[in-house]
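Heads up, the thing below is written out as structure tokens.
The values are calculated or read from the model by the stated rules, or taken from the named source; none is laboratory data. Computed from a predicted model, the values in this text were never measured in an experiment. Note that each Cβ is placed from the backbone with ideal geometry, even for glycine, and that neighbours are counted across all protein chains shown. These area figures cover heavy atoms from the full protein model, side chains too; ligands, DNA and RNA do not enter into them. Shrake-Rupley method; radii C 1.70, N 1.55, O 1.52, S 1.80 Å.
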Amino acid sequence: MLDIKLIRDDPEKVKMLLGRRGVGESEIDNILKIDEEMRKILTNLNSLRAERNSISKEIAKLKSAKDENGVNRILERGKSLSDEIKIEEDKLSELQSKLSESMLFIPNIPYEKVPFGKDERDNVEIRRWGDGTKFDFAPQAHWDLGSKRRLMDFERASKISGSRFTILRGDAALMERALVSFMIDLHTSKHGYTEILPPHLVLRQTMVNTGKLPKFEEESYSTTLDDLFLIPTAEVPLSAMHEDEIIDEKDLPLKYVAYTPCYRREAGSYGKDVRGMVRQHQFDKVELVKYTKPEDSYDELESLTHDAEEVLQYLELPYRVIELCTGDIGFVSSRTYDIEVWLPSYNDYKEISSCSNVTDFQARRSNVRIRRAGGDLEFAHTLNGSGLAVGRTLVAIFENYQKKDEKIEVPKVLRPYMGGKTEI
RNA sequence: GGAGAGAUGGCCGAGCGGUCGAAGGCACUUGCCUGCUAAGCAAGCGUGGGAUUUUCCCACCGUGGGUUCAAAUCCCACUCUCUCCGCCA
């Protein structure tokens, strides 16, 4: 959620910045119109209420003076004021809900330095680590290798759950679990994050507060009886859990890491990544979330991205970092780096992490504020990033670490988590 | 699922339907004092919004309705927390 004052005070600038990411000027004009109308009613309502309050006080005074005639003289005015107020209040609340409804569909303002662009083709590569893996034999895609080795079972998964699910078996399941532990351990012990194990079901309001709703309802799994939502990422519970809190600025930044499964309907991605376990309705992810002071958030985005990259460095998997252009950044984000890992089956890099500075966009919706040393209150900034998507990391290991005999070497840092195994 | 208790400012905690935006305490800020991170004294100290913006006004006491000229206070519904019982991994 943007600050309405920002739109009110400098609509042209907001239009210009949001225009870069495809928001039409009419949407902003519409909001300005509703806002103006709403303030007009509010002003009127305020003076009506002021009059009613003074009459009420007057009545109280007359009553204690036992002046029944005086009371009756102004009682009628009080009654009619009350009726008027009720009418104005109804108008106001209607406009208010219209306004907030519109505001909920306005995305975050992109950071000035974000490269202009229309879609992912305009994203900019920032850096590379390692080279595309070379093989002296024909490498296999993980779906072939995994099926042959009975480590991944796509057929049985679809029998019990339909498309876009995978059963991991034996050492593949073990490796998935090892990856989760390795990542969390790295982030807690070396990078200073606090481990959280959050609920996987959240309230509708929590989805709204984190910007996943109302815009992306068709992407979400929900429970009809209770209107709870399966989290699409641990970002949701982590970025919302300080709702309505005031955090002392000396306690910032707060840094959290959480492992959770993520549930996504993947509506509209029918032709994409249909084979293997790259795009699933359920996948494991280790997520990083920070709460920071506004002036620190872009620096914290850099370090968060490095924290995520380091996972790939320890696993010795080649990757690159790209910055998303204005047309490709997510709804809540003002700046985003994607980390892409090398996948031989794609002969290309594939997203394995997305690190974003959300600025105060979620904090405003969730009402997460910081108290400055001087006592002032301000919305916190939140950031999030995958550290990393575990399923895709497993895929990357299968494909980059495969050997001619169809065994898969276990990356050195994972061996302690897998009973010392050097290959599976 | 059943029975009961509760929800008030950063925290604790009062609050007969009418100067209650809310006593008191803690914490915090400022000043004074005391020659040594303590104590004392004084003052200040919630959040959000609107406007004719050095001031005035409005809203907010879990949420949403209702009664009333007037609701933290009365009524209804809901949510959450706690205690006990039942069930249960």
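Miscellaneous remarks
- Accessible-area composition of chain A, carbon plus sulfur, in percent [1.4 Å probe]: 49
- Using θ = phi - 60° and Karplus 6.51 cos²θ - 1.76 cosθ + 1.60, couplings along the range A:376-387 (whole Hz; Gly, Pro as x): 5, 10, 7, 6, 6, 9, 10, 9, 8, x, 7, x
- Only helices enter this figure: runs of n ≥ 4 DSSP H residues, each worth -39500 (n - 2.57), summed and divided by the residues of chain A, yield -13000 deg cm²/dmol at 222 nm to the nearest 500.
- Rounded, prolate or oblate (a/c below 1.5 giving rounded, otherwise prolate when a/b exceeds b/c) for the range A:235-392 by Cα gyration tensor: prolate
- Sorted on the mean count of surrounding Cβ atoms within 10 Å across their residues, most packed first, peptides A:210-221, A:170-181, A:351-362 read A:351-362, A:170-181, A:210-221.
- Chain A, relative contact order [Cα under 8 Å, separation at least 6], %: 20
- Estimated FRET transfer efficiency (A:Glu125, A:Glu310; beta-carbon r; R0 25 Å; 0.05): 0.85
- Ordering of A:241-248, A:62-69, A:156-163 by packing [mean C-beta count within 10 Å, highest first]: A:241-248, A:156-163, A:62-69
- Average accessible surface for chain A: 48 Å² per residue, computed with a 1.4 Å probe over protein heavy atoms with every protein chain in place.
- Listed peptides A:287-296, A:145-154 by packing density, highest first (mean Cβ within 10 Å): A:287-296, A:145-154
- In terms of distances greater than 25 angstrom between alpha carbons, the cross-link table entries A:Lys134/A:Lys412; A:Lys98/A:Lys293; A:Lys212/A:Lys272; A:Lys118/A:Lys293; A:Lys285/A:Lys412; A:Lys98/A:Lys118 yield A:Lys98/A:Lys293; A:Lys118/A:Lys293; A:Lys98/A:Lys118.
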